[in-house]
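Just so you know, all these numbers are worked out from the coordinates, no wet-lab data involved. These figures come from a predicted structure and were not determined experimentally. Because the Cβ atoms are built from the backbone with ideal geometry, glycine has one as well, and the counts that use them run over all protein chains shown.
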Amino acid sequence: MGLLKARDSAIARAADVAAEGDLPRLDHPDAPMRRRAVQALSGDPASVDTLIAVIRDDADNMVRQAAFVALAGLNTGPAAQGVAALLSEADPALRNGALETLAAMPEHAAPLLEPLGRHDDPDVRIFAVLLAGELDYAATADWLLDLGARERDANVCSNLAEALGGCGRGEAVAVLDTIRARFPEEPFLAFAVDTALQRLAED
Amino acid sequence: MAVPNPAGDTRLRVTAEDVTAFCDFFYKKTGISMDAGRRYFIDRRLEDRIAANECRTFREYLSLVKFQPAGAEMQALINEMTVNETYFFREDYQFTCLTRRMLDEIAARKEPGLDRIRIWSIPCSTGEEPYSIAISILEDWPRASEFDIEIIASDIDTRALARARQGIYQARALHRVPPRIRDNYFRPLGKDSWQVVEDLRESIDFSLINVSSPTQMARMRNIDVIFCRNLLIYFDDLSRRQTAEHFFDALNPGGFVALGHSESMSRISNIFVPRKFPEALVHQRPFS
């Protein structure tokens, strides 16, 4: 007993044991097998709809996360669009997963800010603002300024204030002032705007 | 395009565009996100490799790296670009956590004399970490003699692996090793130089692994503890998430991952459960 050198053959045997048994399927009763079926789809651009369906339908986190990572690895426009549609799902874990996945493909996520910013659901617009904060401000600052000029939901504007405070653009000062004026009855927004203005001044 | 070196020698200087192209290529091959802002670090190493291969332009060198069938130059480039500075018993609170907490939990699910405990150190660099793990287990885990324990040590840098197998270290790497431990597990090779004793060197399996390679990572299964410290800080978000997924698959249910003190699994992926032991915060693969 004690320390024993692992041989390549021993490691390979362990891998073989893990690979034995019945085949992975997306409808397999065991989550690890469904996860392996999802991983087998990695790199296949035609798998977007299947992966999105897995995320919506499979309640097991290990399966969902494998699907999110597979979508992020695809890094295509259709993958980003499929993931963006998940931002309007009711499950907060799913929405957060979608946000993280979109942030991992900034090139394809940035063009989606415009339609997301016009979504009827204010929660989706909040996620869009949070996504903009994860992307390069050089690519998103114009969109943040535009949304800040027209957004009528106080909770969205609260998130906007924070994002605008970090965008480093002088025009953000005027937009922040209009946000404050738009919600005179919301003291928390005045605080958010003050904080953002202070941050802009420091930058 | 590379520009001539004003120092008058024949070496080329790489441009900002070259470095950007190189960083993009290196990321795709290794998952390591080189900061193009670290020009002082990247330029010299890249120029050294261009000169060593007698390439006339950066593009010529990049073509060589991309299309050389055996991949020898890609490996040389990886060896140059990776950092291997470490020492014995670095962040040793995690080794204390291993021998006081994690191994007992793992052993409780195993059959003494029958099941193996498998520990993976990645990246192992020049070997200080896997040797520290081995010594910690032999010295501090009372049940070490009841189980066969395998320590697998992997790195992307072949030169570091060769040094790890050789097990020769200067006094600086041993500055946290108590004299009694040093005398038991090392033999002096001369002034300020020590070598890990042969039995210990032979007990660790050193292997070349690129964590960005799904094929290579798929070889690693049935692991009980992974030490992956100060590697993910060099990765971008997607590579971190993909690596976390690979670790999840490599671990047995209930297995642990120990990251570096500045790294946080909760910011990378939510597939692990945080376990706060008195000595350290580690991350556990759920049992189901």
Next item on the list: Identify, among A:Ala98, A:Gly82, B:Gln94, the residue whose Cα sits farthest towards the positive end of the charge dipole of the protein assembly as shown, taking +1 on the Cβ of Lys and Arg and -1 on the Cβ of Asp and Glu, with the dipole about the Cα centre.
Entry: B:Gln94
Notebook entry, point to check: What's the percent breakdown of Cα-Cα distances in the protein assembly as shown across 20 Å bins, shortest bin first?
Noted result: 20, 46, 30, 4
Next item on the list: Taking the Cβ of A:Phe183 as the centre, find all other residues whose Cβ is under 11 Å away and add up their charges (Lys, Arg: +1; Asp, Glu: -1).
Entry: -1
Item checked: the range B:42-104-the range A:40-66 distance, computed between alpha-carbon centres (Å) -> 33 Å
Notebook entry, point to check: In whole Å, how far is the Cα centre of the range A:170-202 from that of the range B:136-208?
Noted result: 59 Å
Margin query: With 10 angstrom as the radius, rank A:Leu144, B:Leu114 by how many other C-beta atoms surround their C-beta, starting from the fewest.
Written below: B:Leu114, A:Leu144
Next item on the list: Give the range of the longest stretch in chain B that excludes all GluC sites (Glu not before Pro) found in loop regions by DSSP and having at most 15 other beta-carbon atoms within 10 Å.
Entry: B:86-288
Check: Which residue, chosen from B:Met74, B:Ala134, B:Ser269, occupies the Cα position most advanced towards the positive end of the dipole of the protein assembly as shown, where the dipole is computed from +1 (Lys, Arg) and -1 (Asp, Glu) charges on Cβ about the Cα centre?
Finding: B:Ala134
Next item on the list: May I ask you to derive the FRET efficiency for B:Asp183 and B:Ser145 from their Cβ-Cβ distance with R0 = 22 Å, giving the value to the nearest 0.05?
Entry: 0.55
Notebook entry, point to check: If we count other beta carbons within 10 Å of each Cβ, what is the order of B:Tyr185, B:Tyr40, B:Tyr234, fewest first?
Noted result: B:Tyr40, B:Tyr234, B:Tyr185
Checklist line | Dimensionless Rg ratio for chain A, taking C-alpha atoms and the 2.2 N^0.38 Å reference | finding: 1.33
Checklist line | P(r) tail fraction, the range B:170-284 - alpha-carbon pairs more than 21 Å apart, % | finding: 51 percent
Note to self: Could you tell me which residue out of A:Leu112, A:Met62, A:Cys157 lies farthest along the dipole of chain A toward its positive end? Charges go on the beta carbon: Lys and Arg +1, Asp and Glu -1, centred on the Cα centre.
What the structure shows: A:Met62
Next item on the list: Treating the angle as unsigned and between 0 and 90°, give the value, to the nearest 10°, between the Cα long axis of helix B:128-140 and the longest Cα principal axis of chain B.
Entry: 10 degrees
Checklist line | For the protein assembly as shown, share of DSSP beta bridges that run antiparallel, in % to the nearest 5 | finding: 45 percent
